[in-house]
Every structure is written in structure tokens, then in C-alpha cells.
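Step one of this worksheet: look at the structure below.
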Amino acid sequence: MKDRKIERRSFLKLTAAAAIAPSVLTTTIKLAGAQEKKKLYKALIINMLPGKLSDAEKFRLAKKCGFDGIEAKPMKDLKAAAEQAKIAREEGTPIHSLLYGWWPPFTNRDPKVVGKSIESMQNALRCAHVMGADAVLLVPTRVTEDFSYQDAYKWSQEYVSRLIPTAEETGVVVAVENVWNKFLLSPIEFARYLDELNSRWVKAYFDVGNVIIYGHAHHWIRTLGKRLVKIHLKDFKRGGYQWKNLLDGDVNWPQVRKALDEVGYNGYMTAELGGGGEDHLTDIAKRIDRFIAMK
């Protein structure tokens, strides 16, 4: 499906403005890579912050609680997106990634539905660019009784490959996440899936807690290695099948910390937990600090 061109002028205008923002450039340089010292930054999903607050109040609270960045949602209005990102930077919590997720779904046999999904994700990549974010989280498919594993694998790779030109144009990575979608059930398969796409613009958004029911997070980190672009933090208890606060479940956090160092991961780790007020969010930030301090 061809990209829409009617918004291209406004998109380029906004991207030019974003490109000259010093704080955006600083963030990009910090996260760019190989010559930087290993550094881990704490972030949270924007929906974890109290909904009654204004954007400025939300980001100010996040900073006060000890967070360094925000994972936000894509916005159709690029001017509004750029403004939200500006506020976040001013409050000291830049928006580092966007959470697209899996809706509209890529798992559909109707080309019109898939076309809409691809277009929505392309718009999310453009939105991320004007916000100064360097990745958009994508769940590319899911396996169902009526949609086989083989079809999910083949079709999702085809659809993701159609996103690569926009990812390259915007400089924003398509970050494929592991979720409970009955797909990419081993780290070896996840790595192969990405390697077959053969693009620096498609990488792994690894969720530490999502693999605990059938694996060990540190194994996945070591296997994915340089394919990692973002990390989600949450914890899970196998006994009782329950989500837990960070450090309270079955994730082997010392091994996860060690694995991140071994693969040279730099960048944001985003808490994906229930939201709350200042005390709750401060506690989460302190738990991440305890994790970062593990050696």
C-alpha cells in the first residue's frame, strides 16, 4: 500500500523542528550506541500516571518519582504529538518510545484490514519521529485456531517488511515485542525471525515478565543480544499464575542484570505495571534502582 502523501509537507516541517531540538539530539546521541558507556534509564508507560493530571503534571510527577523517560501512545495529530513531546523534554522525561501494540491487527485475511494496520503503524513511526522517540512497539501477529502458526510467521514477516521503508525514512525502529500471542515461543526462533527480515530497522522489544511461564528471561537476553532495542520490566509468579511487583516474582533479576551487561545493552527499561500515585510510582522506581545496582 502506498503511503499517503497529503500530510507529507506538514510531516517534514514537524520533523525538521524535531531534528533541531537539542534535547532530542542529546537523547539520540546517548542511545546511539557503541561508544557510549553502558547506561540504563528508567521509564514508565504514560498510562501508569494519574489520568486526571495534565501532561506537564504527569511528566513532572514521573521525574519526581525517579523516572528518566516515558513510553507514550501514537497520536494522529502530529502537531499535538510534537507539543506533548516538547513538554516531556522540558520536564526532564523525554518520550523514548511509542506503544502501538497489536491493534488494528496484522493477523487478518482481509487485505483491506491489513492495509489499514500497515498504514496505522506507518503513521505511528512518523509520530515517533516528530516526538523524538527512536522505536515503536509492535506485536506483528497472533496465532489462533483459525490462523495457523505458519501463516502468522510468513504473513507477519511480509507485513513488517513493508514497514521498513518508513522506518528508514523516519529513523525509528520497528520494535517487535514478545507477548502472550502464541508466537515466537523461544529466543532462538525470535532471533531467527528478526534475522530473516535482515534490517537494522527491525529489532526486539523484550518483555522480561512475559517469558516466565515458559522460559527464563536471561536466556532470551543472551540469545537476542544486539537485536535488543528496548526492555519492558514486569514480574510474574508461576505458582498461582500471578503478575507481581518488580522483584517479587520468579524473574531471576541478578541473572537478567548480568545478561544485560554481557550483551552491552544501553538505553531505557520501561516499567509496565499498574499505575498509581506518587508513593506507588516512587516504589517502582526504587525497585528498578535496586535491579540496576545488582551485579
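All of the numbers you see were taken from the coordinates with simple rules; none came from a lab. The structure presented is a predicted model; accordingly, all values stated were derived computationally and were not measured. Because the Cβ atoms are built from the backbone with ideal geometry, glycine has one as well, and the counts that use them run over all protein chains shown.
General observations
- Debye, to nearest 20: dipole size of the chain, +1 on Lys, Arg Cβ, -1 on Asp, Glu Cβ: 460
- Helix-only mean residue ellipticity at 222 nm for the chain, each DSSP H run of n ≥ 4 adding -39500 (n - 2.57), per residue, nearest 500: -14000 deg cm²/dmol
- Kyte-Doolittle at least 0.0, axis length at least 24 Å by Cα - qualifying DSSP helices, the chain: 111-131
- In a fully extended conformation the segment linking Trp180 and Tyr214 would gain 11.2 nm over its present Cα-Cα distance, using 0.36 nm per residue.
- Placing unit charges on the Cβ atoms of the charged side chains and taking the dipole of the chain about its Cα centre, the candidate lying farthest along the positive direction among Tyr214, Ala88, Gly225 is Ala88.
- The chain - percent relative contact order, Cα under 8 Å, separation 6 or more: 19
- Applying 0.36 nm per residue to the separation of Glu262 and Lys116 and subtracting their alpha-carbon distance, the gain on full extension is 48.6 nm.
- Using the alpha-carbon positions of the chain, Rg (one decimal) and Dmax (whole number) come out as 18.4, 54 Å.
- Cα-Cα over 27 Å, subset of Lys58/Lys295; Lys58/Lys79; Lys154/Lys237; Lys63/Lys226; Lys73/Lys203: Lys58/Lys295; Lys154/Lys237; Lys63/Lys226
- Paramagnetic reach from Tyr241 in the stretch 169-191 [backbone N under 18 Å; point 7 Å along Cα→Cβ]: 179-183
- Under 18 Å from the Asp250 label point (7 Å along Cα→beta-carbon), backbone N, the stretch 203-217: 207-217
- Here the gap between Glu196 and Arg162, fully extended at 0.36 nm per residue and compared with their Cα-Cα distance, gives a gain of 10.9 nm.
- Taking the number of Cβ atoms within 10 Å of each Cβ as an exposure proxy, the fewest-first ranking of Cys127, Cys65 is Cys65, Cys127.
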